[in-house]
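Visitor: Encoded as structure tokens, here's the structure I'll be asking about.
The values are calculated or read from the model by the stated rules, or taken from the named source; none is laboratory data. Keep in mind the model is a prediction, meaning the values are calculated, not measured. Quick reminder, even Gly has a Cβ in these numbers, built from the backbone with ideal geometry, and neighbours come from all protein chains shown.
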């Protein structure tokens, strides 16, 4: 099935274009393809001369750590673009891309996308808007991940200090002290302490921290005994 103007009009990069402008953009569509659920579109670091636009379906964009842990960065769907970062910086794929459903997509060569970007102010604005939204989304993800890391570091610190003192209560530290010890802000420490309390690992008592579930604290600190 050919890529129609109606389909192109639903792509975020081509939003607001006139029929004539869409017709011009369609000239640069190199091919249209379908892949099955479970197929990999690109792996991190792969080189590709194309940027992809999703016509239908969902693609998981993710990274995998050295220990094999998967972190999903985004689930892209109809109208979204893939591999556009490398379109503009010339590098390889920034992440892994896996079809979560049957996916239909079309492809535009990087050099052609650059030409469209330079020749069409509307497309340039759309690209800027898409990338700005992505930066905002990624910033929120970093905040969430960092918060989880702070909770883990704080749990480890509490265990270490309590073990050293031989008590179930943490020796008196201000939240600013704790923030300096785990490398974050007092506000984040306050949120993290509340999270640990909600999980039942500690109890907060008038500027004192009492361990209520040592095993839970060890789990959160990543210190579970084998």
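Visitor: Quickly run through segment 1-32 and pick out the residues that are assigned to a strand (DSSP E or B) and within 17 Å of residue 130 (Cβ to Cβ).
Guide: Result: no residue meets the conditions.
Visitor: Which one is modelled with the lowest pLDDT among residues in segment 175-220 that are out of contact with any strand residue (DSSP E or B) (no Cβ under 7 Å at 6 or more places or on another chain) and more than 20 Å from residue 149 (Cα to Cα)?
Guide: Among those that are out of contact with any strand residue (DSSP E or B) (no Cβ under 7 Å at 6 or more places or on another chain) and more than 20 Å from residue 149 (Cα to Cα), it is 207.
Visitor: Does residue 2 satisfy being modelled with pLDDT under 95, over 20 Å from the mean Cα position of the chain (by Cα) and either more than 15 Å from residue 123 (Cβ to Cβ) or surrounded by 16 or more Cβ atoms within 10 Å (Cβ to Cβ) (or both)?
Guide: On the way: modelled with pLDDT under 95: yes; over 20 Å from the mean Cα position of the chain (by Cα): yes; either more than 15 Å from residue 123 (Cβ to Cβ) or surrounded by 16 or more Cβ atoms within 10 Å (Cβ to Cβ) (or both): yes.
For residue 2, the condition - modelled with pLDDT under 95, over 20 Å from the mean Cα position of the chain (by Cα) and either more than 15 Å from residue 123 (Cβ to Cβ) or surrounded by 16 or more Cβ atoms within 10 Å (Cβ to Cβ) (or both) - is met.
Visitor: So which residues in segment 117-154 are crowded, with 17+ Cβ neighbours inside 10 Å and at pLDDT 95 or above, if there are any at all?
Guide: Matches in segment 117-154: 120, 123, 126.
Visitor: Can I ask one more? Is one or more of the residues making up segment 206-216 without any contact (Cβ under 8 Å) to a residue 12 or more places away in the chain, loosely packed, with under 15 Cβ neighbours inside 10 Å and more than 14 Å from residue 154 (Cβ to Cβ)? Can you show your working first?
Guide: The first filter runs over segment 206-216 and keeps only residues without any contact (Cβ under 8 Å) to a residue 12 or more places away in the chain, leaving 206, 215.
Still in the running and loosely packed, with under 15 Cβ neighbours inside 10 Å: 206, 215.
When the remaining residues are screened for being more than 14 Å from residue 154 (Cβ to Cβ), the result is 206, 215.
Yes.
Visitor: Which one of the conditions (1) in contact with a helix residue (DSSP H, G or I) (Cβ under 9 Å, 6 or more places away or on another chain); (2) surrounded by 14 or more Cβ atoms within 10 Å (Cβ to Cβ); (3) free of Cβ contacts under 8 Å to residues at least 24 places away in the same chain does residue 197 fail to meet, given that it meets all the rest?
Guide: In the conditions (1) in contact with a helix residue (DSSP H, G or I) (Cβ under 9 Å, 6 or more places away or on another chain); (2) surrounded by 14 or more Cβ atoms within 10 Å (Cβ to Cβ); (3) free of Cβ contacts under 8 Å to residues at least 24 places away in the same chain, residue 197 misses (1) alone.
Visitor: Please work out which one of (1) in contact (Cβ under 8 Å) with a residue 60 or more places away in the chain; (2) in a helix (DSSP H, G or I); (3) closer than 18 Å to residue 42 by Cα is the condition residue 116 fails and give its number.
Guide: With (1) in contact (Cβ under 8 Å) with a residue 60 or more places away in the chain; (2) in a helix (DSSP H, G or I); (3) closer than 18 Å to residue 42 by Cα applied to residue 116, the lone miss is (3).
Visitor: Another one. I'm trying to understand the selection: among the residues of segment 47-67, which are touching a strand residue (DSSP E or B) at 6+ places or on another chain (Cβ under 9 Å), surrounded by fewer than 17 Cβ atoms within 10 Å (Cβ to Cβ) and over 17 Å from residue 29 (Cα atoms)?
Guide: Let us first name the residues in segment 47-67 that are touching a strand residue (DSSP E or B) at 6+ places or on another chain (Cβ under 9 Å), namely 48-65.
Next, only the ones that are surrounded by fewer than 17 Cβ atoms within 10 Å (Cβ to Cβ) stay: 49, 56, 62-65.
Of everything in segment 47-67, those that are touching a strand residue (DSSP E or B) at 6+ places or on another chain (Cβ under 9 Å), surrounded by fewer than 17 Cβ atoms within 10 Å (Cβ to Cβ) and over 17 Å from residue 29 (Cα atoms) turn out to be 62, 63, 64, 65.
Visitor: When only residues in segment 55-100 that are touching a residue at least 60 places away in the same chain (Cβ under 8 Å) and over 23 Å from residue 124 (Cα atoms) count, which is nearest to the chain's Cα centre (by Cα)?
Guide: Ranking the qualifying residues of segment 55-100, first place goes to 73.
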